[in-house]
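K.L.:
Just passing along the structure, written as structure tokens.
The values are calculated or read from the model by the stated rules, or taken from the named source; none is laboratory data. Remember, it's a predicted structure, so these values are computed and weren't measured experimentally. Don't worry about glycine lacking a Cβ; one is built from the backbone with ideal geometry, like all the others, and counts go over all protein chains shown. Side chains are part of the model used for accessible areas, which takes the heavy atoms of the whole protein and leaves out ligands, DNA and RNA. Shrake-Rupley method; radii C 1.70, N 1.55, O 1.52, S 1.80 Å.
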Amino acid sequence: MAEIVIVKDKAAAGALVADHIAELVRSNPETVLGLATGSTPLPVYEALRSRLEGVDLSRVRGFALDEYVGIDPAHPESYRSVITREVVEPLGLNPELIRTPDGTPEGIEHHGEEYDEAIRDAGGIDLQILGIGTDGHIGFNEPGSSFSSITRVKTLTEQTRRDNARFFDSIDDVPMHCITQGLGTILRARHIVLLAFGEGKAAAVAGAVEGPLSASLPGSAIQLHPHATIVVDEAAASQLTRSDYYRYAYDNKPEWQGI
Ligand code: PGA
């Protein structure tokens, strides 16, 4: 079973995950992180900033989950720009060690395979940070994605484009296609940490954690992973049926296990 950790708020989630990442990097300065964009992981990156004493992130390697196809990498909402602005610069990561999938239309049919190869060459992802979409997507693996998919081009759902329109002038400016790590790619990470906050994510979280394994809810792929940690606030946990047990299990967890 995935471990479900129900926390008070985003700040508590950020602190919990950032403590773990700091520890990971202390023990291996060349840790490979899977980096997520969107609003959800921001409390983690923010908390990590206050934990940099004695933690050198300059050799950490990172792979973003996804990128829009055809967006100018210099566009402020390209995930290359977002990762640079929200993660690389504030945390002092080496930009040369951080990759995003290549959304350039020329040769796009090969970019996915090349990306998965680069992840393999780096030794695989040690810790993958994930959010979840209101439609249940992880990365940009929209409903219907194969559990064994590799990094590839996907068409965004209308719902995702509506959700992301807040970053653009209008929904028409949200690209139609993306290149995303596949569910199979994500499942190869050694540890997955999925975060979700707010009522709007409650149905997707319940489906991913307690629903049947289904490509219709790509987040349910986490049930196949041997080490998945789901960190949610009360609102995002509100549709879970076994919250009492998750709290009980976490409260009684041997300390040496960490998350
Ligand atoms: P959000 O997006 O963190 O901005 O809510 C999550 C996702 O779409 O995976």
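K.L.:
Could you tell me the distance between the Cα centroids of segment 7-30 and segment 46-76, to the nearest Å?
P.N.:
15
K.L.:
Suppose all protein chains stay in the model; what accessible area per residue would a 1.4 Å probe give for segment 119-206, in Å²?
P.N.:
I get 37 Å² per residue for this part.
K.L.:
Could I ask something else about it? With +1 assigned to the C-beta of every Lys and Arg and -1 to the C-beta of every Asp and Glu, and no other charges, what is the dipole magnitude of the chain about the Cα centre in debye, to the nearest 20?
P.N.:
Value, rounded to 20: 580 debye.
K.L.:
Stokes-Einstein at 20 °C, 1.002 mPa s, Kirkwood radius from Cα pairs: D for segment 61-195 in µm² s⁻¹?
P.N.:
This corresponds to a translational diffusion coefficient of 142 µm²/s.
K.L.:
Also, I was wondering about something else. Charges only on Cβ, +1 for Lys and Arg, -1 for Asp and Glu: so what's the dipole of segment 151-259 about the Cα centre, in debye to the nearest 20?
P.N.:
Dipole about the Cα centre, nearest 20: 480 debye.
K.L.:
As I understand it, the dipole of the chain uses +1 on the Cβ of Lys and Arg and -1 on the Cβ of Asp and Glu, about the Cα centre. Which of Ile222, Val87, Leu240 lies farthest toward its positive end?
P.N.:
Leu240
K.L.:
What whole-number distance in Å separates the alpha-carbon centres of segment 108-150 and segment 228-256?
P.N.:
26
K.L.:
What is the percent carbon and sulfur in the accessible area of segment 3-257, measuring with a 1.4 Å probe over the protein chains and ignoring ligands?
P.N.:
50
K.L.:
Grab every C-alpha pair in the chain, bin the distances at 5 angstrom width from 0 up to the longest one, and report whole percents.
P.N.:
1, 6, 14, 19, 20, 18, 13, 6, 2, 0, 0
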